[in-house]
1. I'd like the full set of residues that are part of a loop (DSSP other than H, G, I, E, B) and in contact with a strand residue (DSSP E or B) (Cβ under 6 Å, 6 or more places away or on another chain), limited to the stretch 96-110.
2. Take the residues in the stretch 148-170 that are part of a loop (DSSP other than H, G, I, E, B) and hydroxyl-bearing (S, T, Y), then tell me which one is farthest from the chain's Cα centre (by Cα).
3. Within the stretch 111-131, can one find any residue that is under 30 Å from D203 (Cβ atoms) and either in contact with a helix residue (DSSP H, G or I) (Cβ under 6 Å, 6 or more places away or on another chain) or at pLDDT below 95 (or both)?
4. Here are some residues: L193, L200, L205, L230. Which one is among the hydrophobic types (A, V, I, L, M, F, W, C) and under 17 Å from P57 (Cα atoms)?
5. Can you name the number of the only condition in (1) within 30 Å of A191 (Cα to Cα); (2) surrounded by 17 or more Cβ atoms within 10 Å (Cβ to Cβ); (3) hydrophobic (A, V, I, L, M, F, W, C) that L123 fails?
6. List the helices (runs of 4 or more DSSP H) inside the stretch 1-80, counting only whole elements, that have at least 1 residues being touching a Pro at 6+ places or on another chain (Cβ under 7 Å) and free of Cβ contacts under 8 Å to residues at least 40 places away in the same chain.
7. Check F173 against each of (1) surrounded by 15 or more Cβ atoms within 10 Å (Cβ to Cβ); (2) of a type outside the set (V, I, T); (3) part of a helix (DSSP H, G or I) and name the one condition it does not meet.
8. Looking at the stretch 136-155, I want the residues that are at negative phi and have a partner that is at pLDDT below 90 and charged (D, E, K, R) with Cβ atoms under 7 Å, at least 6 apart or on another chain. Which pairs are those?
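The values are calculated or read from the model by the stated rules, or taken from the named source; none is laboratory data. From a predicted model like this one, the values you see are computed outputs, not experimental measurements. Cβ coordinates were reconstructed from backbone atoms using ideal geometry, including for glycine residues, and neighbour counts include every protein chain displayed.
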Amino acid sequence: MTGFPRYAIYFAAGADHALSRFGADLLGYDAYTGGELPFPEDALRVAPDWRDVSSDPRKYGYHATLKAPMALAPGTTEAELTTACASFAGTARPIPVIRPVVDSISGFIAVIPAEPVAELQQLAADCVREFDSFRAALTAEDRVRRRPEKLTERQRDYLDRWGYPYVIEEFRFHMTLTGRLDAERRGPILAMLRTRFATLKLDRLTIDRIALFRQDDAKARFRIIGEWALVQPS
């Protein structure tokens, strides 16, 4: 099994951003502070078991995956990974801008782009490739846990090459708000989340930073330990 601590490179909108507050409130957890938060009343009205509904994304904190959780490869350190994050962010690149919407994706509900954005796909692919030297090899147990028999051939190839199947062409940006939901439950919860999201009046979201998250052990939640603004071309 993968060792600990584990690290992930995610997008998080910033500690004071309205989207971060939106996600943290719904998950009942703030990955910036590590603090617990009370669930919103409208979520509890629609789903009295909201703690269970949101339990899967809660342990990761509110984020979008760029480089999936990994233990560090032998001979690499957290300090070196932190330096690499700063270097990556300091390399000028086009900054993606999306039109965020709340929708269902693979049975769960998330904030996703309304349409594909090439710069976002490139940013995610760059993260996968450039930080891979820090990733410990996938163990046989971890590979089985990914249920490769359920994946496409390309996803299996990516799992073996990059340690995660949903990268490069398979990448779909999403900031998850629930676990998987049965179809009959999904409608009312989706409506509530869309109503709550509409109050943010967030027509555009700039993907202008990366954050380094750390999970100390299997029972711990991920927490942000560093954040870097991306540099735009001059």
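1. none
2. T152
3. For the stretch 111-131, residues under 30 Å from D203 (Cβ atoms) and either in contact with a helix residue (DSSP H, G or I) (Cβ under 6 Å, 6 or more places away or on another chain) or at pLDDT below 95 (or both): present.
4. L193
5. Here L123 clears every test but (1).
6. So the answer is 18-27.
7. Failing condition for F173: (3).
8. Here the result reads none, with nothing in the stretch 136-155 linked to a residue that is at pLDDT below 90 and charged (D, E, K, R).
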